[in-house]
Amino acid sequence: MIKKAITAVIGLLIIQFIVKFLLKLELFKHVYNHTPGPCRIVPGEGIGYEDMETLPNGLTLITSGLVMPGASSTVSEHRKKHNGKGRIYLFDFNQPDKGIEELKIVGDQFNHSDFGPHGISLWKDKDKVTVMVVNHGSAVDTIEKFLFIAKDKQLKHLHTYRDPTIHMVNDVAMDSENSFYFTNYAYYKSGLFHVLEAVIPLAYGNLMYYDGKAYHKQDEGLFTLNGLVLSHDQKYLYTGETIPQKFHTFTRQKNGTLSRYQEFNVKTAIDNPTLDKDGNVLFGTHPIIWQVMGHTDNPETPAPSQVIKLHMKDGAVTKMTEVFADDGHTLYGSSVASLYNDAMLVGTVLHKLMYCEVRWID
C-alpha cells in the first residue's frame with residue numbers, strides 16, 4: 001500500500017508539472033491584430049532589430065544581428081544567408097522615409113568580426129552621447145562603450161568591460177557616463193543544464209550594478225531576467241522576467257543601491273522596455289511562448305508580436321494597455337518598441353523593423 005501511494009503521489013506530481021509547463025507555453029492563446037495607425041516595414045538588410053533607444057531629438061540607435069549563446073545552427077545559417085552581422089543602425093523619427101543607416105564603428109581595439117549586439121543604453125550629457133551595448137562574443141560576453149558622433153554617422157569605440165559577473169547578459173541601463181546596471185538572463189549558456197535551467201525552472205538570473213570602479217549584485221533568484229530601463233528622474237529602475245511574465249520596479253538610492261518596490265503580472269512575455277515622454281513604460285512582448293521559441297530556433301517560423309504600455313505613477317503600474325498586436329502575419333517576434341511624437345518603431349529578435357503612425361493610443 002505504501003509503495004502504491006508513493007507511486008501515485010509521484011505520478012500526480014509529474015502530471016502537475018506537465019500541465020503547468022503546457023500552460024506556460026500558452027498553447028491555447030490567440031492574438032487579435034490591431035495597430036495604432038498605418039504601419040509599414042522599414043527596408044533594411046539587418047537580421048533582427050532587437051533593442052533600441054531614442055534620443056530627445058528623435059535619433060534612434062538600434063542593435064541588429066543578435067545570435068544568443070547556444071543558438072541553433074539554423075539561426076547561424078539564416079544569419080549568413082541574409083548577410084547578417086553585428087551592426088548598430090540609426091533611424092531618424094523626423095525623416096522616417098530615409099529608413100535606417102548603418103553606423104560605422106571606429107577604433108583600433110574593437111573586433112568587428114566578433115560583435116553580437118544585444119541590449120543598448122544611451123547617456124546624453126549636453127551634446128555628448130555615450131553608448132553602452134551588450135556584446136555576445138564568441139568566447140565571453142562583454143559590454144562595449146562607444147561615443148556617438150552624429151554628424152559623421154559613427155560610433156567611436158572607447159572601452160570593453162569584462163568581468164566574471166558579466167556572464168550571460170541581456171541588457172544594460174546607464175545612470176552616468178561611466179556606471180550602469182545590467183541583467184544576467186541565465187547561468188548556463190548551452191547544453192543539458194541550459195535546458196534544465198529553463199524547464200525546471202532554476203532562477204539563476206541576477207541584476208548587477210557597476211559603479212565605475214566595482215561590480216555589485218543588486219538582486220538575484222530571478223528567472224529569464226530581460227531588459228531594463230531607468231525612469232526619467234532615475235528614482236526607479238524597471239525590468240522584467242520573460243517567462244514568469246513579471247514586471248518589477250526597484251527604488252534606487254543615489255549610490256546606485258536598489259530595493260524591490262512593486263511586482264506586476266503583465267500576462268505576456270516581456271522583452272525590452274523603453275520610456276515615452278511622460279515616463280510610461282513601453283514593452284515589446286511575445287504573447288505566445290511556444291511560437292516565439294520555435295521562431296528563435298528557426299527564424300523562418302512565424303511568431304506573433306505585441307507592444308504593451310504600462311502607465312506609471314510614482315514608480316507603480318496604474319494601468320496596462322495593448323498598443324499593437326500582430327498574429328505573425330507581418331511581424332515576427334517583437335522585442336522592443338519606441339514612441340516619439342506621433343510615431344512608433346517596433347523591433348524584433350530575428351525579423352524585420354516596423355514603423356507605425358500613431359493616430360489612436362490610450
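The values are calculated or read from the model by the stated rules, or taken from the named source; none is laboratory data. Bear in mind the structure is a predicted one, so any value in this text is a computation, not a measurement. Quick reminder, even Gly has a Cβ in these numbers, built from the backbone with ideal geometry, and neighbours come from all protein chains shown.
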Report summary line: When (1) closer than 21 Å to LEU55 by Cα; (2) touching a residue at least 24 places away in the same chain (Cβ under 8 Å) are applied to LYS126, the one that fails is (2)
Query - Residue ID - modelled with the highest pLDDT, chosen from residues in the range 19-37 that are part of a loop (DSSP other than H, G, I, E, B) and surrounded by fewer than 14 Cβ atoms within 10 Å (Cβ to Cβ) - result: ASN33
Query - Selected residue (only one of GLN253, GLN262 is without any contact (Cβ under 8 Å) to a residue 24 or more places away in the chain and either closer than 22 Å to MET68 by Cβ or not hydrophobic (A, V, I, L, M, F, W, C) (or both)) - result: GLN253
Report task. Within the range 297-338, work out how many residues are assigned to a strand (DSSP E or B) and more than 15 Å from THR285 (Cα to Cα). Result -> 7
Requested in this report: Starting from residues that are hydroxyl-bearing (Ser, Thr, Tyr) and crowded, with 16+ Cβ neighbours inside 10 Å, keep the ones in the range 289-323 and report whichever is farthest from PHE250 (Cα to Cα).
Outcome: THR301
**Report entry** Selection from the range 76-105 of residues that are closer than 24 Å to ILE166 by Cα and part of a strand (DSSP E or B)
**Finding:** ARG87, ILE88, ILE105
Report summary line: Across (1) over 20 Å from VAL67 (Cα atoms); (2) at pLDDT 95 or above, PRO244 clears everything bar (2)
Report task. Report whether or not PRO69 is modelled with pLDDT of 95 or more, in a loop (DSSP other than H, G, I, E, B) and farther than 16 Å from LYS153 by Cβ. Result -> no
Requested in this report: Identify, from the list GLY86, GLY107, GLY65, GLY119, the residue that is in contact with a strand residue (DSSP E or B) (Cβ under 8 Å, 6 or more places away or on another chain) and more than 25 Å from GLY328 (Cα to Cα).
Outcome: GLY107
Report summary line: When restricted to LEU196, LEU147, LEU155, the only residue in contact with a Lys or Arg (Cβ under 6 Å, 6 or more places away or on another chain) and either within 19 Å of TYR49 (Cβ to Cβ) or outside any loop (DSSP other than H, G, I, E, B) (or both) is LEU147
Query - Flag for ASP163 being part of a loop (DSSP other than H, G, I, E, B) and farther than 21 Å from ASP125 by Cα - result: yes
Report summary line: Residue count, the range 180-214, condition modelled with pLDDT of 95 or more and surrounded by 15 or more Cβ atoms within 10 Å (Cβ to Cβ), comes to 11
Query raised in the report: Can we say GLU102 is within 21 Å of VAL346 (Cα to Cα), without any contact (Cβ under 8 Å) to a residue 60 or more places away in the chain and charged (D, E, K, R)?
Result: yes
Query raised in the report: Taking the range 331-357 as the region of interest, how many residues are under 12 Å from ALA303 (Cβ atoms), in contact (Cβ under 8 Å) with a residue 60 or more places away in the chain and of a type in the set (Ser, Thr, Tyr)?
Result: 3
Query raised in the report: Hey, any hits in the range 38-55 for a residue that's surrounded by fewer than 16 Cβ atoms within 10 Å (Cβ to Cβ), touching a residue at least 24 places away in the same chain (Cβ under 8 Å) and at positive phi?
Result: no
**Report entry** Condition check for VAL129: farther than 22 Å from ASN255 by Cα, surrounded by 14 or more Cβ atoms within 10 Å (Cβ to Cβ), β-branched (Val, Ile, Thr) and out of contact with any His (no Cβ under 9 Å at 6 or more places or on another chain)
**Finding:** yes
